Amino acid sequence: MTETITDDRRFPPALADLAEVALSYEDGIDFEPYEAFDAPEETTDWIRSWTGNDTLDGGAYRVFGQDGTGGLAALWCVRPGLPLAAQPVVFLGSEGECGAVAGNLSDFLWVLAEGAGPKEVVEYPGLDTRPHAALTALAERHAGTPRRPAAEIVAEAGREFATFRDDLYALCR
C-alpha cells in the first residue's frame, strides 16, 4: 500500500465541480469535498497518524474530502497505468473504520447522487438515502459508468478490494 502507482496529482474535473456543490448535513450526506488534493506531506502525516506506523508514506492516496469527524475520502492508487479517475475511492474514518466505497470516481459520483457519502456507506450499509438533485446532475455530466444503486456499487468495490481493511490494519503499529 505504500508504493505509488501514479505520480499524477492533477485534480480531476469531476472533483473540482464536486467542490462547487453546496452540501449540508441536512441533505443526509456527511461529506465536505476539497478544492484540491491534500499535499503529499499532509497525506503522509495522516497515514502515519492513522496507522501509528511512521515508516509509511501517503503516496498511494489522493485525499479529496472529509466527513464532519475528520474521516477522509481518497483515491487509492493501486491500478498500475490507469488514470486517477479509474482508481478506487476509499474511506478511512477518524475512529479506525475503513472500506472501499467505489471502484472508480464515476461510480463514486453515483453513490453521492443517491444521497450517500463515503462515511455513510462504510459505517452504515443499507442506510436509507434520498437522491440529491445537484449531485445527480454532476454525475450525469461526469460519470463514464452507468447509474446503479449505491449498495450495488459499494458491494462491488468491497468484493474487488476484499482485503483492503485487513491489509490496512496489518500496517498498523
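Take the residues in the stretch 23-41 that are outside any loop (DSSP other than H, G, I, E, B) and acidic (Asp, Glu), then tell me which one is surrounded by the most Cβ atoms within 10 Å (Cβ to Cβ).
The qualifying residue surrounded by the most Cβ atoms within 10 Å (Cβ to Cβ) is Asp27.
Please go through the stretch 139-151 and pick out each residue that is modelled with pLDDT of 95 or more and part of a helix (DSSP H, G or I).
Ala139, Glu140, Arg141, His142
Going by what's in this entry, would Thr136 be described as part of a helix (DSSP H, G or I) and surrounded by fewer than 19 Cβ atoms within 10 Å (Cβ to Cβ)?
So Thr136 passes the test.
Conditions first: (1) in contact with a helix residue (DSSP H, G or I) (Cβ under 7 Å, 6 or more places away or on another chain); (2) part of a helix (DSSP H, G or I); (3) within 22 Å of Glu95 (Cβ to Cβ); (4) touching a residue at least 60 places away in the same chain (Cβ under 8 Å). Ala116 passes all but one, so which condition is the exception?
Of (1) in contact with a helix residue (DSSP H, G or I) (Cβ under 7 Å, 6 or more places away or on another chain); (2) part of a helix (DSSP H, G or I); (3) within 22 Å of Glu95 (Cβ to Cβ); (4) touching a residue at least 60 places away in the same chain (Cβ under 8 Å), only one is false for Ala116: (2).
Which condition does Phe37 not pass, out of (1) without any contact (Cβ under 8 Å) to a residue 40 or more places away in the chain; (2) among the hydrophobic types (A, V, I, L, M, F, W, C); (3) under 21 Å from Thr129 (Cα atoms), if it passes all the others?
(3)
Given the criterion in contact (Cβ under 8 Å) with a residue 12 or more places away in the chain, within 23 Å of Phe164 (Cα to Cα) and touching a helix residue (DSSP H, G or I) at 6+ places or on another chain (Cβ under 9 Å), identify the matching residue among Val21, Val90.
Of the residues listed, the single one that is in contact (Cβ under 8 Å) with a residue 12 or more places away in the chain, within 23 Å of Phe164 (Cα to Cα) and touching a helix residue (DSSP H, G or I) at 6+ places or on another chain (Cβ under 9 Å) is Val90.
Taking interchain pairs and intrachain pairs at least six residues apart, which have beta carbon atoms under 6 angstrom, with the first residue in the stretch 145-173 and on the phi < 0 side of the Ramachandran plot and the second exposed (fewer than 15 other Cβ atoms within 10 Å of the Cβ)?
Leu171/Asn53; Cys172/Gly52; Arg173/Gly52; Arg173/Asn53
Yes/no per residue for (1) surrounded by fewer than 19 Cβ atoms within 10 Å (Cβ to Cβ); (2) over 16 Å from Tyr169 (Cβ atoms); (3) at pLDDT below 95:
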| site | (1), (2), (3) |
| --- | --- |
| Thr43 | no, yes, no |
| Ile47 | no, no, no |
| Gly52 | yes, no, no |
| Thr55 | yes, no, no |
| Arg62 | no, yes, no |
| Gly68 | yes, yes, yes |
| Leu72 | no, yes, no |
| Leu75 | no, yes, no |
| Pro80 | yes, yes, yes |
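I'd like the full set of residues that are among the small types (Gly, Ala, Ser), in contact with a helix residue (DSSP H, G or I) (Cβ under 9 Å, 6 or more places away or on another chain) and surrounded by fewer than 16 Cβ atoms within 10 Å (Cβ to Cβ), limited to the stretch 139-173.
Across the stretch 139-173, the qualifying residue is only Gly144.
If you take the residues of the stretch 120-133 that are in contact (Cβ under 8 Å) with a residue 24 or more places away in the chain and hydrophobic (A, V, I, L, M, F, W, C), which of them is surrounded by the most Cβ atoms within 10 Å (Cβ to Cβ)?
Here the answer is Val121.
For Gly117, indicate whether it is surrounded by fewer than 18 Cβ atoms within 10 Å (Cβ to Cβ), small (Gly, Ala, Ser) and either more than 16 Å from Ala73 (Cβ to Cβ) or in contact with a Phe, Trp or Tyr (Cβ under 6 Å, 6 or more places away or on another chain) (or both).
Against the criterion (surrounded by fewer than 18 Cβ atoms within 10 Å (Cβ to Cβ), small (Gly, Ala, Ser) and either more than 16 Å from Ala73 (Cβ to Cβ) or in contact with a Phe, Trp or Tyr (Cβ under 6 Å, 6 or more places away or on another chain) (or both)), Gly117 does not qualify.
The values are calculated or read from the model by the stated rules, or taken from the named source; none is laboratory data. This structure is a prediction, so every number in the text was calculated from the model and none was measured. Cβ atoms come from the backbone with ideal geometry, glycine included; neighbour counts cover every protein chain shown.
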